[in-house]
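The values are calculated or read from the model by the stated rules, or taken from the named source; none is laboratory data. Just so we're clear, the structure is a prediction, and the values are computed from it rather than from any experiment. Cβ: placed from backbone, ideal geometry, glycine included. Neighbour counts: every protein chain shown.
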Amino acid sequence: MSVDLLGERSVRRPAPRFLGLLWRERSIRFGLAIVGLVLAAALLAPFAALLLQHGPTEQFPDVALDDMGIPIRPSLSFPLGADGNGRDVLVRTLYGARISLLVGIPATTAAMIIGTLIGMVSGFIAGRVDRVISQAIDVAMSFPFVVTALSLLSLNRGEQGMPLISPILVIILVIALFSWTYFARLTRGMVLEMRSGPLVESSLVIGASNARIIFVDILPNILPTLLVYWAVQLPANIVAEATLSFLGVGIQAPVPSWGNMIAEAQRTSLYQDQPWFLAGPGLALFLTVVGFNTLSSGLRRVLDPHQRRS
(Lines give C-alpha, C1' and ligand atoms only; values in the text may rest on other atoms or scores of the structure.)
Protein backbone atom coordinates (compact mmCIF):
# COMPACT_ATOMS: atom_id res chain seq x y z
CA MET A 1 0.00 0.00 0.00
CA SER A 2 1.48 3.30 -1.01
CA VAL A 3 2.55 5.83 1.55
CA ASP A 4 1.01 8.46 -0.75
CA LEU A 5 -2.19 7.48 1.03
CA LEU A 6 -0.69 8.92 4.19
CA GLY A 7 1.46 11.81 3.07
CA GLU A 8 2.03 14.85 5.20
CA ARG A 9 -0.30 16.84 2.97
CA SER A 10 -3.17 14.53 3.89
CA VAL A 11 -2.36 14.52 7.59
CA ARG A 12 -1.96 18.31 7.77
CA ARG A 13 -5.03 19.12 5.69
CA PRO A 14 -7.17 21.73 7.49
CA ALA A 15 -9.83 20.01 9.58
CA PRO A 16 -12.95 21.72 8.07
CA ARG A 17 -11.86 20.93 4.50
CA PHE A 18 -10.99 17.35 5.44
CA LEU A 19 -14.34 16.84 7.15
CA GLY A 20 -16.01 18.26 4.06
CA LEU A 21 -14.23 15.69 1.89
CA LEU A 22 -15.39 12.93 4.21
CA TRP A 23 -19.01 14.09 4.14
CA ARG A 24 -19.10 14.40 0.35
CA GLU A 25 -18.12 10.74 -0.01
CA ARG A 26 -21.40 8.84 -0.44
CA SER A 27 -20.08 5.53 0.89
CA ILE A 28 -18.92 7.22 4.10
CA ARG A 29 -22.38 8.65 4.69
CA PHE A 30 -24.00 5.30 3.95
CA GLY A 31 -21.53 3.40 6.14
CA LEU A 32 -21.90 5.87 9.02
CA ALA A 33 -25.68 5.54 8.85
CA ILE A 34 -25.51 1.74 9.20
CA VAL A 35 -22.79 1.82 11.87
CA GLY A 36 -24.76 4.47 13.76
CA LEU A 37 -27.83 2.22 13.60
CA VAL A 38 -25.86 -0.70 15.06
CA LEU A 39 -24.41 1.49 17.82
CA ALA A 40 -27.87 2.86 18.60
CA ALA A 41 -29.25 -0.68 18.79
CA ALA A 42 -26.54 -1.65 21.27
CA LEU A 43 -27.04 1.45 23.41
CA LEU A 44 -30.84 1.28 23.38
CA ALA A 45 -31.10 -2.45 24.13
CA PRO A 46 -31.90 -1.90 27.85
CA PHE A 47 -34.59 0.65 26.94
CA ALA A 48 -36.20 -1.81 24.50
CA ALA A 49 -36.15 -4.49 27.20
CA LEU A 50 -37.74 -2.05 29.67
CA LEU A 51 -40.39 -0.96 27.17
CA LEU A 52 -41.37 -4.50 26.25
CA GLN A 53 -40.85 -5.81 29.79
CA HIS A 54 -38.76 -8.64 28.35
CA GLY A 55 -35.25 -9.28 29.64
CA PRO A 56 -32.69 -10.83 27.25
CA THR A 57 -32.69 -14.13 29.17
CA GLU A 58 -36.28 -14.15 30.45
CA GLN A 59 -38.55 -16.92 29.21
CA PHE A 60 -42.27 -16.47 28.57
CA PRO A 61 -43.48 -19.94 27.55
CA ASP A 62 -47.10 -19.20 28.44
CA VAL A 63 -47.46 -16.31 25.99
CA ALA A 64 -44.58 -16.78 23.55
CA LEU A 65 -45.17 -20.46 22.69
CA ASP A 66 -48.35 -21.99 21.34
CA ASP A 67 -49.96 -25.23 22.53
CA MET A 68 -47.52 -27.24 20.35
CA GLY A 69 -44.50 -25.44 21.81
CA ILE A 70 -43.89 -23.52 18.57
CA PRO A 71 -42.66 -19.91 18.98
CA ILE A 72 -45.18 -17.24 18.06
CA ARG A 73 -44.72 -15.00 15.05
CA PRO A 74 -44.05 -11.23 15.31
CA SER A 75 -46.66 -9.28 17.26
CA LEU A 76 -46.91 -6.06 19.26
CA SER A 77 -45.65 -7.82 22.39
CA PHE A 78 -42.87 -9.67 20.53
CA PRO A 79 -41.92 -7.52 17.48
CA LEU A 80 -39.63 -10.24 16.05
CA GLY A 81 -41.41 -13.18 17.62
CA ALA A 82 -39.89 -15.57 20.14
CA ASP A 83 -37.34 -18.38 20.17
CA GLY A 84 -37.80 -21.98 21.24
CA ASN A 85 -37.51 -21.06 24.93
CA GLY A 86 -40.05 -18.26 24.76
CA ARG A 87 -37.51 -15.44 24.80
CA ASP A 88 -37.92 -12.18 22.88
CA VAL A 89 -35.90 -12.37 19.63
CA LEU A 90 -35.77 -8.57 19.18
CA VAL A 91 -34.43 -7.92 22.68
CA ARG A 92 -31.88 -10.71 22.35
CA THR A 93 -30.77 -9.42 18.94
CA LEU A 94 -30.24 -5.92 20.36
CA TYR A 95 -28.24 -7.30 23.27
CA GLY A 96 -26.28 -9.40 20.79
CA ALA A 97 -25.07 -6.14 19.22
CA ARG A 98 -23.62 -5.15 22.60
CA ILE A 99 -21.71 -8.44 22.81
CA SER A 100 -20.39 -8.16 19.25
CA LEU A 101 -19.12 -4.61 19.77
CA LEU A 102 -17.83 -5.40 23.27
CA VAL A 103 -15.68 -8.16 21.79
CA GLY A 104 -14.87 -6.72 18.36
CA ILE A 105 -13.76 -3.19 19.29
CA PRO A 106 -11.31 -4.07 22.11
CA ALA A 107 -9.92 -7.05 20.20
CA THR A 108 -9.32 -5.04 17.03
CA THR A 109 -7.86 -2.09 18.95
CA ALA A 110 -5.49 -4.34 20.91
CA ALA A 111 -4.42 -6.06 17.69
CA MET A 112 -3.77 -2.69 16.03
CA ILE A 113 -1.63 -1.43 18.93
CA ILE A 114 0.43 -4.63 19.19
CA GLY A 115 0.81 -5.06 15.44
CA THR A 116 1.72 -1.41 14.89
CA LEU A 117 4.46 -1.43 17.52
CA ILE A 118 5.95 -4.66 16.22
CA GLY A 119 5.67 -3.55 12.60
CA MET A 120 7.37 -0.20 13.28
CA VAL A 121 10.28 -1.89 15.06
CA SER A 122 10.63 -4.45 12.28
CA GLY A 123 10.47 -1.92 9.45
CA PHE A 124 12.66 0.75 11.03
CA ILE A 125 15.46 -1.38 12.44
CA ALA A 126 15.44 -3.79 9.45
CA GLY A 127 18.32 -6.25 9.07
CA ARG A 128 18.36 -9.33 11.28
CA VAL A 129 15.61 -8.02 13.57
CA ASP A 130 13.32 -7.55 10.58
CA ARG A 131 14.01 -11.06 9.31
CA VAL A 132 13.28 -12.63 12.71
CA ILE A 133 10.05 -10.66 13.18
CA SER A 134 8.93 -11.37 9.61
CA GLN A 135 9.46 -15.09 10.18
CA ALA A 136 7.47 -14.89 13.42
CA ILE A 137 4.63 -13.12 11.61
CA ASP A 138 4.60 -15.79 8.89
CA VAL A 139 4.52 -18.56 11.50
CA ALA A 140 1.68 -16.87 13.41
CA MET A 141 -0.35 -16.42 10.22
CA SER A 142 0.07 -20.09 9.30
CA PHE A 143 -2.02 -21.32 12.25
CA PRO A 144 -5.65 -22.08 11.30
CA PHE A 145 -7.91 -19.76 13.24
CA VAL A 146 -10.82 -22.05 14.10
CA VAL A 147 -8.75 -25.08 15.13
CA THR A 148 -6.30 -23.06 17.21
CA ALA A 149 -9.05 -20.95 18.79
CA LEU A 150 -10.99 -24.08 19.75
CA SER A 151 -7.86 -25.51 21.38
CA LEU A 152 -7.13 -22.34 23.34
CA LEU A 153 -10.72 -21.88 24.48
CA SER A 154 -10.90 -25.48 25.64
CA LEU A 155 -8.11 -24.71 28.11
CA ASN A 156 -10.40 -22.21 29.85
CA ARG A 157 -12.38 -24.96 31.55
CA GLY A 158 -12.24 -25.93 35.22
CA GLU A 159 -12.84 -29.33 36.74
CA GLN A 160 -16.62 -28.97 36.49
CA GLY A 161 -16.58 -27.41 33.04
CA MET A 162 -16.96 -23.86 34.35
CA PRO A 163 -14.81 -21.16 32.70
CA LEU A 164 -11.73 -20.10 34.65
CA ILE A 165 -11.68 -16.63 33.09
CA SER A 166 -14.53 -14.57 31.66
CA PRO A 167 -15.34 -16.02 28.19
CA ILE A 168 -15.61 -12.50 26.75
CA LEU A 169 -12.06 -11.68 27.87
CA VAL A 170 -10.71 -14.97 26.50
CA ILE A 171 -12.37 -14.42 23.12
CA ILE A 172 -10.95 -10.88 22.95
CA LEU A 173 -7.46 -12.23 23.63
CA VAL A 174 -7.83 -15.06 21.11
CA ILE A 175 -9.08 -12.78 18.32
CA ALA A 176 -6.37 -10.19 19.05
CA LEU A 177 -3.79 -12.98 18.96
CA PHE A 178 -4.79 -13.78 15.38
CA SER A 179 -5.36 -10.19 14.19
CA TRP A 180 -2.15 -8.39 15.16
CA THR A 181 -0.17 -10.03 12.36
CA TYR A 182 -2.13 -8.21 9.65
CA PHE A 183 -1.45 -4.83 11.25
CA ALA A 184 2.21 -5.75 11.76
CA ARG A 185 2.71 -6.70 8.13
CA LEU A 186 0.92 -3.57 6.89
CA THR A 187 2.90 -1.30 9.23
CA ARG A 188 6.22 -2.92 8.35
CA GLY A 189 5.68 -2.29 4.64
CA MET A 190 4.81 1.37 5.13
CA VAL A 191 7.70 2.00 7.52
CA LEU A 192 10.18 0.38 5.14
CA GLU A 193 9.01 2.75 2.41
CA MET A 194 9.17 5.82 4.64
CA ARG A 195 12.53 4.83 6.09
CA SER A 196 14.29 5.78 2.86
CA GLY A 197 12.16 8.87 2.27
CA PRO A 198 13.18 12.51 2.67
CA LEU A 199 11.25 13.02 5.91
CA VAL A 200 13.18 10.37 7.83
CA GLU A 201 16.48 11.23 6.17
CA SER A 202 16.19 14.89 7.18
CA SER A 203 15.46 13.86 10.77
CA LEU A 204 18.54 11.65 10.79
CA VAL A 205 20.65 14.52 9.49
CA ILE A 206 19.67 16.79 12.37
CA GLY A 207 20.43 14.00 14.85
CA ALA A 208 16.90 13.04 15.91
CA SER A 209 16.61 9.92 18.05
CA ASN A 210 15.07 6.72 16.71
CA ALA A 211 12.16 7.05 19.14
CA ARG A 212 11.40 10.57 17.93
CA ILE A 213 11.56 9.53 14.29
CA ILE A 214 9.23 6.57 14.87
CA PHE A 215 6.62 8.29 17.02
CA VAL A 216 6.78 11.85 15.66
CA ASP A 217 7.71 11.49 11.99
CA ILE A 218 6.46 8.03 11.00
CA LEU A 219 3.49 7.16 13.21
CA PRO A 220 1.34 10.26 12.44
CA ASN A 221 1.76 9.58 8.72
CA ILE A 222 0.79 5.92 8.82
CA LEU A 223 -1.99 6.31 11.40
CA PRO A 224 -4.78 7.19 8.89
CA THR A 225 -4.18 3.98 6.95
CA LEU A 226 -4.07 1.97 10.18
CA LEU A 227 -7.42 3.45 11.21
CA VAL A 228 -8.89 2.53 7.83
CA TYR A 229 -7.61 -1.01 8.24
CA TRP A 230 -9.02 -1.05 11.78
CA ALA A 231 -12.44 -0.41 10.26
CA VAL A 232 -11.80 -3.22 7.77
CA GLN A 233 -10.66 -5.71 10.42
CA LEU A 234 -13.40 -4.94 12.93
CA PRO A 235 -16.27 -6.67 11.05
CA ALA A 236 -14.00 -9.65 10.38
CA ASN A 237 -13.39 -9.96 14.13
CA ILE A 238 -17.11 -9.62 14.85
CA VAL A 239 -17.72 -12.50 12.44
CA ALA A 240 -14.93 -14.43 14.20
CA GLU A 241 -16.74 -14.03 17.54
CA ALA A 242 -20.01 -15.11 15.96
CA THR A 243 -18.26 -18.14 14.47
CA LEU A 244 -16.86 -19.24 17.83
CA SER A 245 -20.24 -18.71 19.51
CA PHE A 246 -21.93 -20.63 16.68
CA LEU A 247 -19.56 -23.55 17.34
CA GLY A 248 -20.44 -23.47 21.03
CA VAL A 249 -17.07 -22.33 22.42
CA GLY A 250 -17.65 -18.57 22.44
CA ILE A 251 -20.40 -16.72 24.29
CA GLN A 252 -22.55 -19.34 25.96
CA ALA A 253 -26.34 -19.29 26.17
CA PRO A 254 -28.43 -17.91 27.72
CA VAL A 255 -26.27 -14.80 27.20
CA PRO A 256 -27.40 -13.55 23.76
CA SER A 257 -24.85 -13.52 20.95
CA TRP A 258 -25.64 -13.44 17.27
CA GLY A 259 -23.56 -16.58 16.82
CA ASN A 260 -25.28 -18.72 19.45
CA MET A 261 -28.71 -17.39 18.39
CA ILE A 262 -28.06 -18.50 14.81
CA ALA A 263 -26.76 -21.85 16.07
CA GLU A 264 -29.87 -22.41 18.20
CA ALA A 265 -32.18 -21.52 15.33
CA GLN A 266 -30.39 -23.94 13.02
CA ARG A 267 -30.14 -26.71 15.60
CA THR A 268 -33.86 -26.69 16.47
CA SER A 269 -35.10 -25.95 12.91
CA LEU A 270 -37.77 -23.72 14.47
CA TYR A 271 -36.85 -20.98 12.01
CA GLN A 272 -38.99 -22.85 9.46
CA ASP A 273 -42.07 -21.86 11.51
CA GLN A 274 -40.68 -18.60 12.92
CA PRO A 275 -38.20 -17.26 10.30
CA TRP A 276 -37.31 -14.16 12.36
CA PHE A 277 -35.74 -16.49 14.91
CA LEU A 278 -32.91 -16.89 12.37
CA ALA A 279 -33.33 -13.75 10.27
CA GLY A 280 -33.06 -11.32 13.22
CA PRO A 281 -29.47 -12.09 14.28
CA GLY A 282 -28.47 -13.03 10.73
CA LEU A 283 -29.55 -9.68 9.26
CA ALA A 284 -27.98 -7.80 12.18
CA LEU A 285 -24.64 -9.49 11.56
CA PHE A 286 -24.92 -8.83 7.81
CA LEU A 287 -25.72 -5.13 8.27
CA THR A 288 -22.83 -4.68 10.71
CA VAL A 289 -20.32 -6.14 8.27
CA VAL A 290 -21.72 -4.13 5.36
CA GLY A 291 -21.69 -0.91 7.38
CA PHE A 292 -18.07 -1.11 8.50
CA ASN A 293 -16.84 -2.35 5.11
CA THR A 294 -18.63 0.50 3.31
CA LEU A 295 -17.25 3.04 5.78
CA SER A 296 -13.67 1.78 5.41
CA SER A 297 -14.00 1.79 1.62
CA GLY A 298 -15.10 5.42 1.67
CA LEU A 299 -12.29 6.42 4.01
CA ARG A 300 -9.77 4.84 1.68
CA ARG A 301 -11.13 6.77 -1.30
CA VAL A 302 -10.79 10.04 0.59
CA LEU A 303 -7.33 9.35 1.99
CA ASP A 304 -5.84 7.80 -1.15
CA PRO A 305 -5.09 10.50 -3.75
CA HIS A 306 -4.96 7.86 -6.51
CA GLN A 307 -8.57 6.82 -5.87
CA ARG A 308 -10.06 10.18 -4.97
CA ARG A 309 -12.58 11.53 -7.43
CA SER A 310 -11.81 14.86 -9.00
*Give segment 58-87 a look and list any residue that's touching a helix residue (DSSP H, G or I) at 6+ places or on another chain (Cβ under 8 Å) and either polar (S, T, N, Q) or crowded, with 18+ Cβ neighbours inside 10 Å (or both), or say none.*
P71, S77, F78, L80, G81, A82, D83, G84, N85, G86, R87
*Do the conditions hold for D130, that is, is it acidic (D, E), under 24 Å from the mean Cα position of the chain (by Cα) and either part of a helix (DSSP H, G or I) or surrounded by fewer than 20 Cβ atoms within 10 Å (Cβ to Cβ) (or both)?*
no
*Somewhere in segment 229-247, is a residue at pLDDT 90 or above, assigned to a loop (DSSP other than H, G, I, E, B) and of a type outside the set (G, A, S)?*
no
*Answer from L283, L226 - the residue that is at pLDDT 90 or above, surrounded by 18 or more Cβ atoms within 10 Å (Cβ to Cβ) and out of contact with any Gly (no Cβ under 6 Å at 6 or more places or on another chain)*: L226
*asked:* Condition first: aliphatic (A, V, I, L, M) and closer than 30 Å to T93 by Cβ. Now tell me which residues in segment 188-244 satisfy that.
replied: L227, V228, A231, V232, L234, A236, I238, V239, A240, A242, L244
*asked:* Can you tell me which condition I165 does not meet? The list is (1) assigned to a helix (DSSP H, G or I); (2) of a type in the set (A, V, I, L, M); (3) within 24 Å of G104 (Cβ to Cβ), and all the others hold.
replied: (1)
*Out of all the residues in segment 80-101, is one or more touching a strand residue (DSSP E or B) at 6+ places or on another chain (Cβ under 7 Å), among the aliphatic types (A, V, I, L, M) and outside any helix (DSSP H, G or I)?*
yes
*Under the condition of being part of a helix (DSSP H, G or I) and more than 22 Å from R131 (Cα to Cα), which residue from segment 185-214 is modelled with the lowest pLDDT?*
L204
_Enumeration of residues in segment 80-97 that are out of contact with any Gly (no Cβ under 9 Å at 6 or more places or on another chain), at pLDDT below 95 and not small (G, A, S)_ = D83, N85
*Residue ranges of helices (runs of 4 or more DSSP H) in segment 13-77 with at least 3 members among the aliphatic types (A, V, I, L, M) and either within 25 Å of the chain's Cα centre (by Cα) or over 30 Å from S269 (Cβ atoms) (or both)*: 15-24, 26-52
*asked:* For segment 8-22, check the following and say yes or no: at least one residue is of a type in the set (S, T, N, Q), modelled with pLDDT of 75 or more and out of contact with any Lys or Arg (no Cβ under 6 Å at 6 or more places or on another chain).
replied: no
_segment 248-266, residues that are part of a helix (DSSP H, G or I) and among the β-branched types (V, I, T)_ = I262
*Write out, first by first residue and then by second, each pair whose Cβ atoms fall under 7 Å of each other, whose residues are 6+ apart or on separate chains, and whose first residue, in segment 163-176, is more than 17 Å from M112 (Cα to Cα) and touching a residue at least 40 places away in the same chain (Cβ under 8 Å) while the second is part of a helix (DSSP H, G or I) and not basic (K, R).*
I168/L102; I168/V103
